[in-house]
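Working notes, beginning with the structure itself.
The values are calculated or read from the model by the stated rules, or taken from the named source; none is laboratory data. These numbers were taken from a predicted model, which means no experiment stands behind them. Glycine gets a Cβ as well: all are built from the backbone with ideal geometry, and neighbour counts include every protein chain shown. The area values use the complete protein model at the heavy-atom level, side chains included, leaving out ligands, DNA and RNA. Shrake-Rupley method; radii C 1.70, N 1.55, O 1.52, S 1.80 Å.
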Amino acid sequence: MKSLYQLLNDKNGVAVAPSLLAADFTALEKEIREVEDSGADFLHIDVMDGHFVPNISFGPMIVSAISKLASVPIITHLMITDPKQYSERFIKAGSSVLTFHFEAMESGHRDIVEMIHDLGCEAGLAVNPDTPLSAVKHLLNDIDLLLVMSVFPGFGGKGFIDEVLVKIKEASDYREKHNLRYVIEVDGGVKPDNASSVRENGGQILVAGTAIFGSENYNSSILAIRG
Ligand code: DX5
Ligand code: ZN
């Protein structure tokens, strides 16, 4: 299977990952087909535990059902307090990339990355809007994806925090300078009218929930976000 890095290269460095959190759950299969037919490059799945974030979404059984329906790779975004305990289940459920939050753990970040890799999955590290890049620099050599949150996690439909653009650029420059390979994903409030600044600053996988599932035409929204 191709690595995330190779997949991104094939897509000229920019991809769109619809967040299923904003999909119509009464018609999940139809939503997945429609968004894939409309050009989704990945599916972004938001897992919330009601503890790390004040909202509850779904667990590994739903991820497993989605992965049976999906034909594009699944990026699972764990917004949970104890990612290490649940990583294996979410990987076995069909995640291609498993992303955990830096803020969810006081230590052991390297261990979980190693564990994810040992289970044959790629590892993503997510950072909240108020976590500086300097806090995670020591981990950037090990990860496959850096998820820069452009809203505080927990809910879809919130406004993009513009200050995060500087961090995206910093992460992109740092990767160039140190010749690293992580892909930069940006999540929260991304829509056609701010997508170009996300891309110009180095965002490569653009996550969008309401801007896609809340729109009349998924294809034109995806094309507009991809640019
Ligand atoms: C927020 C989630 C996001 C969210 C994106 O906690 O991680 O993935 O669903 O939704 P929009 O695009 O509506 O901000
Ligand atoms: Zn997310």
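Going by what's in this entry, would Leu180 be described as assigned to a helix (DSSP H, G or I) and either modelled with pLDDT of 95 or more or not aliphatic (A, V, I, L, M) (or both)?
Working: assigned to a helix (DSSP H, G or I): no; either modelled with pLDDT of 95 or more or not aliphatic (A, V, I, L, M) (or both): yes.
The answer is no for Leu180.
What single numbered condition from (1) away from ligand 1 (no atom under 14 Å from the Cβ); (2) more than 14 Å from the chain's Cα centre (by Cα); (3) aliphatic (A, V, I, L, M); (4) open to solvent by less than 30 Å² (accessible area, probe 1.4 Å) fails to hold for Ile212?
(1)
If I filter region 92-100 for residues that are out of contact with any Asp or Glu (no Cβ under 7 Å at 6 or more places or on another chain) and over 26 Å from Ser38 (Cβ atoms), do I get at least one hit? Walk me through how you get there before you give the answer.
First, the residues of region 92-100 that are out of contact with any Asp or Glu (no Cβ under 7 Å at 6 or more places or on another chain): 92-95, 98-100.
Those left that are additionally over 26 Å from Ser38 (Cβ atoms): 92, 100.
So far as region 92-100 goes, yes, one or more of its residues are out of contact with any Asp or Glu (no Cβ under 7 Å at 6 or more places or on another chain) and over 26 Å from Ser38 (Cβ atoms).
At pLDDT 95 or above, among the charged types (D, E, K, R) and open to solvent by less than 40 Å² (accessible area, probe 1.4 Å), is that true of Glu36?
Details: at pLDDT 95 or above: yes; among the charged types (D, E, K, R): yes; open to solvent by less than 40 Å² (accessible area, probe 1.4 Å): yes.
Yes: the conditions hold for Glu36.
This table checks each residue for (1) more than 16 Å from ligand 1 (Cβ to nearest atom); (2) under 12 Å from Ile222 (Cα atoms).
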residue	(1), (2)
Ser3	yes, no
Asp10	yes, no
Leu21	no, no
Asp24	no, no
Asp37	yes, yes
Asp49	no, no
Ile56	no, no
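I'm told Ala195 meets every condition in (1) in contact with a strand residue (DSSP E or B) (Cβ under 8 Å, 6 or more places away or on another chain); (2) free of Cβ contacts under 8 Å to residues at least 40 places away in the same chain; (3) open to solvent by 50 Å² or more (accessible area, probe 1.4 Å) except one. Can you identify the failing condition by its number?
Checking Ala195 against (1) in contact with a strand residue (DSSP E or B) (Cβ under 8 Å, 6 or more places away or on another chain); (2) free of Cβ contacts under 8 Å to residues at least 40 places away in the same chain; (3) open to solvent by 50 Å² or more (accessible area, probe 1.4 Å), the one that fails is (3).
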